[in-house]
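Chemist: Here it is, the structure, as C-alpha cells.
Derivation of every value follows stated rules applied to the coordinates shown; laboratory data play no part. Please read all numbers here as calculations on a predicted model, not as lab measurements. Note that each Cβ is placed from the backbone with ideal geometry, even for glycine, and that neighbours are counted across all protein chains shown.
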Amino acid sequence: MRRNRKVALALASSVVTLTATTVAAAGDMDITPERLVNQPTGALAAAPGGCQQIAANTAQFQNSPGFPQIAACLPNNVAWANLMSELGMAIAPSAFHPARTTGLGGFALSVEATYTHINVNNSAGGLQYWHVGTQGPSDPNTNKFSTVNADPDSLLQVYTVKARKGLAYGFEITGALGYVANTSLWVGGADFNWAILEGYRTGFLGYMPDIAIGTGVRTVGGSSKFFLTTVGIDGHISKPFALADSAVLTPYLGAQYVLIYANSSVVDLAPNADPLQECGYEGTNTPGNPYAHAPYTGAPVCKTKLANGADNNAAFNNDTTFNKADIKRWRGIVGLNYRFEVLYLAGQFAMELGDLNGENGGVGGPLGGAGAKQWTTSFEAGVSF
C-alpha cells in the first residue's frame with residue numbers, strides 16, 4: 001500500500017504540475033462585450049457603420065438628423081445577459097462528487113476537465129451573441145481582429161485542479177483553481193459539503209444510499225471588462241458497490257440550483273473612436289479650469305466646436321455599462337466514480353432542468369425569453385487517501 005501511495009502521489013503531482021503551469025494566453029473565445037451594441041434610431045441611415053462610424057468622425061455627421069443622439073451607441077443588455085448566462089454555467093461549481101465524503105482526516109487531489117455546450121448560433125437582442133461577443137482570430141496580414149468571430153467554439157473547456165479535505169461530522173471542504181481554454185480567463189472557488197447519511201454497511205441503514213447536500217462558489221478573473229460569479233446549491237445520493245477487495249464503483253444522482261451574477265465594467269461601445277481627439281479636450285467644465293464656463297456641469301470642455309457652437313463631445317457618450325444580470329438555473333446530475341486503492345476515475349453528465357425562461361421572467365426578464373438550455377460533460381482523475 002505504501003508503494004501504491006508513492007506512485008499515486010507522483011502521478012498526481014505530475015498531472016497537477018502540468019496543468020498548473022499551462023499558460024492561458026489570450027484566445028479566440030475571449031469575451032468582447034464592447035461589440036454587443038444596439039444602434040440608436042437613425043444611426044444606420046446616417047452612416048453604414050452606424051454609431052461607431054459616427055462617433056469616430058462626429059464633425060462629418062453633425063448635420064445628420066438626430067445628431068448627437070445617433071452618435072451614442074446603446075448597450076445590448078439582452079445579448080449580454082445570454083452570453084454571461086452560458087459562460088456562467090460553464091464555470092459554475094460542477095458538484096462533481098458522490099454523496100460520500102473522503103472521511104475524517106481524508107484527503108483527495110484531482111484534475112477535472114469540464115466541457116459545456118454553448119448555443120453558438122443562437123440570437124438574443126438581434127445579435128448572435130457568441131459570434132459578436134467573442135474576439136475571434138486575428139488577421140495574420142494586419143494582426144488586427146475582425147468585428148465578428150465567424151467560428152466560435154461549440155464547447156467551453158474548463159480545466160481545474162481540486163483539493164478535497166474531509167472534516168468531522170460528515171463535512172468536507174474543496175478548493176478549486178483552473179482556467180478556461182482558448183481564453184485568458186481563470187476560475188477559482190471553493191465548495192462545502194455535508195454528508196447527512198453516509199458509511200452505513202449493516203442493518204436497515206446499510207440498505208440506504210449515502211445522502212449529502214452542499215454549496216459552492218466560482219468567480220472569474222483575467223478580464224477587466226466584466227465580473228462573473230456563480231453559486232451552486234446541490235444535493236446528491238449515491239451508493240458504493242465493492243467489485244473486489246480493492247475496487248469500488250459508486251454511481252450517483254444529484255440536482256443543482258445555479259445562481260449567476262454578472263456585472264460589467266465601464267466599456268467603450270465605439271473603441272475605434274478617440275473622443276479626446278474628436279473633442280480637442282481641454283479638461284472638465286469645473287471651476288479652476290481656465291477654459292471652463294458657467295454653468296459648471298463637469299462635462300468635457302472641447303476646443304473643437306460644432307457648427308451650432310456646441311462642444312463636440314458626443315463621442316464621450318459611448319462609455320457605458322451593461323445592466324446587472326442575475327440569472328437562475330437548474331440542472332440534473334448523473335455520475336459514476338471508480339476507485340482502485342488510492343486512485344480514482346470519474347465521469348459526470350449534467351443537463352438543464354425546468355423552464356429556463358420562465359425561471360428568469362420570460363420576455364421581460366434579463367434573457368429576453370431567448371435563454372437556451374445547456375449540457376455539461378465532466379471527467380476527473382485523482383488520488384484519495
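Chemist: Select from Ala59, Gly175, Pro93 the residue farthest towards the positive end of the dipole of the chain; place +1 on Cβ of Lys and Arg, -1 on Cβ of Asp and Glu, and compute about the Cα centre.
Modeler: The Cα lying farthest towards the positive end belongs to Gly175.
Chemist: Work out from phi, with θ = phi - 60° and the Karplus expression 6.51 cos²θ - 1.76 cosθ + 1.60, the ³J(HN,Hα) of each residue of region 250-261, listed in order in whole Hz, and give x for Gly and Pro.
Modeler: Listing the rounded values in order: 10, x, 8, 10, x, 9, 9, 9, 10, 10, 10, 10 Hz.
Chemist: If we restrict to alpha carbons, what Rg and Dmax does region 336-385 come to, in Å?
Modeler: My reading of the Cα-based Rg and Dmax gives 17.9, 53 Å.
Chemist: From largest to smallest, what semi-axes in whole angstrom does region 165-256 give when each is the square root of 5 times an eigenvalue of its alpha carbon gyration tensor?
Modeler: Semi-axis lengths for region 165-256 are 34, 15, 11 Å.
Chemist: Can you compute 3J(HN,Hα) from phi for each residue in region 32-41, using the Karplus curve 6.51 cos²θ - 1.76 cosθ + 1.60 with θ = phi - 60°, rounded to whole Hz and x for Gly and Pro?
Modeler: With coefficients 6.51, -1.76 and 1.60, one gets 10, x, 5, 8, 7, 10, 9, 7, x, 4 Hz.
Chemist: For a quick check: sort Asp28, Asp245 by the number of other beta carbons within 10 angstrom, fewest at the front.
Modeler: Ranked by crowding around the Cβ, least crowded first: Asp245, Asp28.
Chemist: Give me the Debye-computed log₁₀ of I(q)/I(0) at q = 0.17 Å⁻¹ for region 74-200, equal point scatterers on Cα only, no solvent, two decimals.
Modeler: -0.90
Chemist: Another question, then. Given a Förster radius of 30 Å and the C-beta distance between Asp326 and Asn121 as r, what FRET efficiency does 1/(1 + (r/R0)^6) yield to the nearest 0.05?
Modeler: Calculated value: 0.70.
Chemist: Additional query: Tell me which trypsin sites (Lys or Arg not before Pro) from region 88-179 have a DSSP coil assignment and no more than 14 other beta carbons within 10 Å of their own.
Modeler: Here the sparse-neighbourhood loop sites are Lys144.
Chemist: FRET efficiency for Tyr169 and Asp28, Cβ-Cβ distance as r, R0 = 51 Å, nearest 0.05?
Modeler: So, using R0 = 51 Å, E works out to roughly 0.65.
Chemist: While we're on this one: Helix 2-20 versus the longest principal axis of the chain: what is the Cα-based angle in degrees, 0 to 90, to the nearest 10?
Modeler: Computed tilt is about 10 degrees.
Chemist: Filter Lys303/Lys324; Lys165/Lys239; Lys328/Lys373; Lys225/Lys324; Lys225/Lys303 down to the pairs with a C-alpha to C-alpha distance above 24 Å, please.
Modeler: As for pairs spanning more than 24 Å Cα to Cα, those are Lys303/Lys324; Lys225/Lys303.
Chemist: For region 213-361, I need the span (max minus min coordinate) of the C-alpha atoms along each principal axis, in Å, sorted largest to smallest.
Modeler: Its Cα atoms span 86, 36, 26 Å along the three principal axes.
Chemist: Counting other C-beta atoms within 10 Å, which of Tyr169, Tyr281 has the fewest, and how do the rest follow?
Modeler: Lowest count first: Tyr169, Tyr281.
Chemist: Normalised radius of gyration for the chain, please: alpha carbon Rg relative to 2.2 N^0.38 Å, two decimal places.
Modeler: Normalised Cα radius of gyration, the chain: 1.24.
Chemist: With Cβ to Cβ distances under 13 Å as the rule, what net charge do the other residues near Glu34 carry (K, R +1; D, E -1)?
Modeler: Net charge around Glu34: -1.
Chemist: For region 27-103, what D do you get in µm² per second when you plug the Kirkwood radius from alpha-carbon pairs into Stokes-Einstein at 25 °C and 0.890 mPa s?
Modeler: 158
Chemist: Also, I was wondering about something else. Between region 263-306 and region 146-176, how far is it from one alpha carbon centroid to the other, in angstrom?
Modeler: One Cα centre to the other: 43 Å.
Chemist: Rounded to the nearest 500, what is the 222 nm mean residue ellipticity of the chain from helices alone, with -39500 (n - 2.57) per DSSP H run of 4+ residues and division by all residues?
Modeler: -4000 deg cm²/dmol
Chemist: Convert each backbone phi in region 338-353 into a coupling constant with the Karplus relation 6.51 cos²θ - 1.76 cosθ + 1.60 (shift: θ = phi - 60°), then list the ³J(HN,Hα) values in order as whole Hz, x for Gly and Pro.
Modeler: 10, 10, 10, 6, 9, 8, 8, 10, 8, x, 8, 10, 10, 9, 4, 10
Chemist: Compute a Gaussian network model of the chain, connecting alpha carbons closer than 10 Å, and tell me which residue from Glu198, Glu86, Glu282 fluctuates the most.
Modeler: It is Glu282.
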